[in-house]
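Here's the structure, in structure tokens; my notes come after.
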């Protein structure tokens, strides 16, 4: 294997794409409802509470219209209810308004307005909002590009773990890999192979093929960990057993495993 593959993988594959802000609308909590109640009854209960001014119910009615859950999908009506809830300080409604502006759901995209609402939700500690706002800073959308701010927000989100991402494993591992890349390259954060490896291992343990490959390369090169060919091979094989989406990363994993196998034959 050529020296420095870990750095090449980081710069060429991981760092540019890892925070995919506005690529999709992350999952939201399920409705708060009594066990066994049907959708029509549930919707009626939420609508009645929303009309009385309950902010959480207003946010839930917004999601009903956003998703077409028991009603005709209507982004304009969804935004109307989200706005009512967001003005009362509901973080999930603020996040939803940020995503509607970011994605252009039923309206033109407006990055500045997206940042405004994502920041409000992020300031309340909502991990998925911190993740998305970090992506806006990474990409320079609606704000000046600022990797240090992106790293700060990504770390705040990642430290809340899977619960903070409401079960969105992909969102969490992307955030962890962004932090790996930032610390490994010293972009927006002090360079630290040890800190970088910590975040890569977390992503790998969540099942990320990219994270597993990166941990394997780190063991091969002794970056942030003691050099260990057996550990390297184990992690690279775990990555290879999955579908690695990036063809360059998949090629690097195959080449590394081939090198390991050839060295084993020649011993």
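If packing is taken as the mean number of other Cβ atoms within 10 Å per residue, what is the order of 202-215, 77-90, highest first? Each step should come with its number before you reach the end.
Values: 202-215: 23.8, 77-90: 20.3.
Ranked from most to least packed, the peptides come out as 202-215, 77-90.
Take the chain, connect every pair of alpha-carbon atoms lying under 10 Å apart with a spring to form a Gaussian network, then pick out the residue of 157, 148, 127 with the largest mean-square fluctuation.
148
Relative to the first principal axis of the alpha-carbon coordinates of the chain, what is the inclination of helix 55-67, with its axis defined by its Cα atoms, in degrees from 0 to 90 and to the nearest 10?
That works out to roughly 70 degrees.
Going by C-beta contacts inside 10 Å, put 47, 118 in order with the fewest on the left.
Working: 47 17, 118 31.
Ranked by crowding around the Cβ, least crowded first: 47, 118.
With just the Cα atoms of the chain, tell me how far they stretch along each of the three principal axes, in Å, largest first.
Per principal axis, max minus min of the Cα coordinates gives 76, 43, 27 Å.
Arranged by the count of other C-beta atoms within 10 angstrom, fewest first, what order do 115, 143 take?
Values: 115 21, 143 17.
If I rank by nearby Cβ atoms, fewest first, I get 143, 115.
What shape does segment 147-267 take by its C-alpha gyration tensor, where a ≥ b ≥ c are the square roots of the eigenvalues and a/c under 1.5 counts as rounded, a/b above b/c as prolate, and the rest as oblate? Intermediate results must be reported in sequence, preceding the final value.
Numbers: a/c = 2.40, a/b = 1.67, b/c = 1.44.
Prolate shape, in that a/c is at least 1.5 and a/b is the bigger ratio.
Report the Cα centroid-to-centroid distance between segment 153-224 and segment 67-113 in angstrom, as an integer.
31
In whole Å, what are the extents of segment 53-118 along the principal axes defined by its C-alpha atoms, from largest to smallest?
Computed over the Cα atoms, the extents are 30, 25, 13 Å.
Against the longest alpha carbon principal axis of the chain, how many degrees, from 0 to 90 and to the nearest 10, is the axis of helix 75-87 turned?
Long axis of 75-87 versus the principal axis of the chain: about 90 degrees.
Could you give the angle, 0 to 90 degrees to the nearest 10, between helix 229-240's Cα long axis and the longest principal axis of the Cα atoms of the chain?
40
Here, each number is a calculation from the coordinates, and none is a lab measurement. Note that the structure is a prediction, hence the values are computed from the model and not measured. So basically every Cβ, Gly included, is an ideal-geometry build from the backbone, and we count neighbours across all protein chains shown.
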